[in-house]
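Coordinate-derived values only; no laboratory data. Predicted model, so just to flag it, every value in this text is computed and none were measured. Neighbour counts are summed over all protein chains in view; Cβ atoms, including those assigned to glycine, are modelled from backbone coordinates with ideal geometry.
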Amino acid sequence: MTSKIPAPDKAIRGPALTFTGDPFASGVEDTMVYEPDAIVAFGGGVITHFGPADQIQSQLPEGIEIENYGPDALISAGFLDSHVHFPQTPMIAAFGEQLLDWLNKYTFPTEKKYADKAFAASVAKVFLEENLKNGITTSCVYCTVFPQSVDALFEEAERLGMRMAAGKVLMNRNAPDYLLDTTQSGYDDSKALINKWHNRGRLMYAITPRFAPTSSADQLDSAGALWDEFPDCYMQTHVSENLDEVAWVKELFPDRKGYLDVYDHSGLCRPRAVFGHGIHLTDDELSCMHHTGCAISHCPTSNFFLGSGYLDVFKVTDAKRPVRVGLGTDLGAGTSFSILATLNEAYKAAQLNKKALTAGHAYYLATRGTARAMYIEDKVGSIAPGMEADLVVLDMKSTPIIDYRMQFAEDIHEALFIQMTLGDDRAVQATYVAGKLQYKQATSR
Ligand code: GUN
Ligand code: ZN
């Protein structure tokens, strides 16, 4: 958080939702803040004021522009996506396969195209436009093995002023030759990208071994060594997504205790490690994640689409040894850019585990929870003075059926649950990045 808060130059008004803590640890009652008529003011890219409109209005400079979104809106911190593959945007909705066949049949041939920087730039543009259209202001992104695909994404994210983590995929085996790097070239390319992009404005680098089957032990060790040199980078990879994958890792690494131990052995279990999926992790592995400060990215639309399974988010966050959890779209195995649609599937994943994910837990996951999983909850993910001014404004009556259903909503919890069950990109009327309006729905009221 910045120590000195600048003067505001713009404010927005409407009902607002945010979290002051973790409902998985302390309950929704004590952590969720709903203000039915709030003002959020910002200047210099950060939030300067937040509170009930009748208290805040008199504190603002005279003549400041206040955009009033009205009583049917909801102002929230911008959504975060802790696991997504931007190069898979052109292959979302690929038919008929589970993880390993899906990678071979659809993913690898698509990722080959990113040797062409101009193609990568064209997809990065569509990808980030789609993020903003869905209220996503920060993500943790896989690029491809080609360094120019990382440049393409970061160039566009920088133009938009977004806080974003991303990295070049490391993969030196078990994939077509045209996608392979070597331990040395992967290390060198990643290091050059870190020097170019990490902590440039709001951009952050994520060291990105794709997953254990496509990296030799030597490459994983080299990723760990690189992380030692740049310890405030991220590390992102996949773990225990699919049972065939888990069995394959056992064959490939017979000396390791289990899948997570492959990464731990290479020094990859630490704070700012973001592991996609983790559906089939054992109790010991969850315990290791807790003690080492790693996070899991929960990607329900992907897990259902690829038939991988369904994460038990309440087990993962068990107070005895809570593991940090963020929400992920995991496009293109994930089926939607919409965070509301992703929460809808997170609810169903919990149901299959015989548990109920309340709207409070869900919106926390989409905002402050994912920021906490990424260790940036002091910067983004909630609305408070000093936080970066990344905001999404929802329309709570975005379709005729939602409008109709909302007449019967008795409180904010029910209203939020209706949005996450029935809502999609049509519910996003505006997205602000560092205080700048970067998306406004053409048809919003
Ligand atoms: N495991 C390794 N690579 C991938 C990928 O691109 N998507 C998903 N869902 N899982 C993976
Ligand atoms: Zn993934």
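Overview of values
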{"read-out": "Debye intensity ratio in log₁₀ form over the Cα atoms of the chain, taken at each q of 0.10, 0.12 Å⁻¹", "value": "-0.66, -0.96"}
{"read-out": "Rg/Rh ratio calculated on Cα atoms of the stretch 349-411 (Kirkwood radius)", "value": "1.08"}
{"read-out": "Gaussian network model of the chain, Cα within-10 Å springs - most flexible of Ala152, Ala165, Ala356", "value": "Ala356"}
{"read-out": "Phi-based couplings in Hz for the stretch 426-440 (Karplus 6.51, -1.76, 1.60; Gly and Pro marked x)", "value": "5, 7, 9, 9, 7, 9, 10, 10, 6, x, 9, 5, 10, 8, 9"}
{"read-out": "Difference of contour (0.36 nm per residue) and Cα-Cα distance, Ala217 to Glu62", "value": "49.6 nm"}
{"read-out": "Normalised contact order of the chain, rounded percent, pairs of Cα under 8 Å and 6 or more residues apart", "value": "20"}
{"read-out": "The stretch 1-70: Cα Rg divided by the 2.2 N^0.38 Å rule of thumb", "value": "1.22"}
{"read-out": "Sequence-distant aspartates and glutamates (8 or more away, or on other chains) whose Cα lies within less than 18 Å of Lys440", "value": "Glu65, Glu67, Asp72, Glu129, Glu130, Asp390, Asp395, Asp424, Asp425"}
{"read-out": "Three semi-axes of the equivalent ellipsoid, the stretch 201-353, Cα gyration tensor, whole Å, largest first", "value": "24, 18, 16"}
{"read-out": "Proximal aspartates and glutamates to Lys257, defined as alpha-carbon separation beneath 12 angstrom and excluding residues fewer than eight positions away on the same chain", "value": "Asp284, Glu285"}
{"read-out": "Listed pairs Lys250/Lys315; Lys125/Lys354; Lys105/Lys125 exceeding 28 Å between Cα atoms", "value": "Lys125/Lys354"}
{"read-out": "Cα centroid of the stretch 160-202 to Cα centroid of the stretch 51-70, whole Å", "value": "44"}
{"read-out": "Diffusion coefficient, µm² s⁻¹, Stokes-Einstein with Kirkwood Rh over alpha-carbon pairs of the stretch 24-152 at 37 °C and 0.692 mPa s", "value": "177"}
{"read-out": "The chain, helix-only ellipticity at 222 nm - DSSP H runs n ≥ 4, -39,500 (n - 2.57), divided by all residues, nearest 500", "value": "-9500 deg cm²/dmol"}
{"read-out": "Cα-based equivalent ellipsoid, the stretch 292-444: semi-axes from gyration tensor eigenvalues, Å", "value": "24, 21, 15"}
{"read-out": "Efficiency of FRET from Cβ geometry, Gln407 and Ala7, R₀ 45 Å, rounded to 0.05", "value": "0.65"}
{"read-out": "Sequence-distant residues sharing a close amide H with Glu67 (under 5 Å, placed H)", "value": "Ala11, Ile12, Arg13"}
{"read-out": "Förster-model FRET efficiency, 22 Å R0, Asp255 and Arg173, C-beta, rounded to 0.05", "value": "0.80"}
